[in-house]
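Trainee: Starting off with a structure, shown below.
The values are calculated or read from the model by the stated rules, or taken from the named source; none is laboratory data. Only a predicted model underlies this, so the values are computations on that prediction, with no experimental measurement involved. We place every Cβ from the backbone using ideal geometry, glycine too, and count neighbours over all the protein chains shown.
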């Protein structure tokens, strides 16, 4: 009878915890003229807070059409961890005028994240602040760790971005891969690329070159050596963009970090059972987020 009663009590507690009401707040954080609207979700006070640091492109707080950040948020909240993600400065139409006038550099994204951390650093509802940087965001988060308690790298590059770009483009076309290598060498040496093949203009357009130059100049293996908070490095074995070797290189540069390679995890944080579904997941929210990814992060945070 005692065993049955104990089981019932545990079951009731588990059900109660799982349906705990998640509170949501819409928050607009300004970095000077740049607006960074975002969503904060949490179920109670005195929870750790994860702040999401976006990958490349104009990514909104939910992860655009694939909704991978929203899926991440929902699963993290179920584990009594608060979560905040915001519309990247390049995803908010209200920032267009300023971006056209001033352009954007990697340092601007770092500044945005620092401003977000500053907003929450004295919020007594949260016991600690964790930056979770995805893809490009892994590097940005490394450089924005003031007032942060823990750092998570998800699918972060373990080499300078010029090497990654050459590898990715070569996999599609050896000819364009060679051109990419030539352009990036010219960019590093002179600060600009004078003539660009039309097929590569979307990457190397003149307005993109200052940003690329600022990105190429930063070595994540040097930056992660300066991380002085507990660190978790995650990569998936189904990631088409970032290799497991990248995560291993980050681990070598910071030996005290925890390294986890998640089975069937792809770059969009989805669980991919069939290889033919990998690219499909880039355009659809139908694929589930990796449970092992969530479990790994929850264990690290708690």
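Trainee: For segment 47-126, which fully contained helices (runs of 4 or more DSSP H) count at least 3 residues that are in contact (Cβ under 8 Å) with a residue 40 or more places away in the chain, within 23 Å of residue 223 (Cβ to Cβ) and under 20 Å from the mean Cα position of the chain (by Cα)? Outline the logic, then answer.
Mentor: Numbers: elements: 68-78, 96-102, 106-120.
Filter on segment 47-126 gives 106-120.
Trainee: Does segment 205-215 contain any residue that is at negative phi, touching a residue at least 12 places away in the same chain (Cβ under 8 Å), out of contact with any helix residue (DSSP H, G or I) (no Cβ under 6 Å at 6 or more places or on another chain) and part of a loop (DSSP other than H, G, I, E, B)?
Mentor: Within segment 205-215, none of the residues are at negative phi, touching a residue at least 12 places away in the same chain (Cβ under 8 Å), out of contact with any helix residue (DSSP H, G or I) (no Cβ under 6 Å at 6 or more places or on another chain) and part of a loop (DSSP other than H, G, I, E, B).
Trainee: Something else now. Among the residues that make up segment 111-134, is at least one of them farther than 24 Å from residue 299 by Cα, out of contact with any strand residue (DSSP E or B) (no Cβ under 8 Å at 6 or more places or on another chain) and modelled with pLDDT of 95 or more?
Mentor: Yes, because at least one residue in segment 111-134 is farther than 24 Å from residue 299 by Cα, out of contact with any strand residue (DSSP E or B) (no Cβ under 8 Å at 6 or more places or on another chain) and modelled with pLDDT of 95 or more.
Trainee: Would you check which residues across segment 244-265 are touching a residue at least 24 places away in the same chain (Cβ under 8 Å) and either in the same structural domain as residue 169 (by TED's automatic domain parsing) or not in a helix (DSSP H, G or I) (or both) and list them?
Mentor: The answer is 254, 256, 257, 258, 259, 260, 261, 262, 263, 264, 265.
Trainee: Can you find, within segment 214-267, the residue that is surrounded by the fewest Cβ atoms within 10 Å (Cβ to Cβ) among those that are out of contact with any strand residue (DSSP E or B) (no Cβ under 9 Å at 6 or more places or on another chain) and over 17 Å from residue 160 (Cβ atoms)?
Mentor: 255
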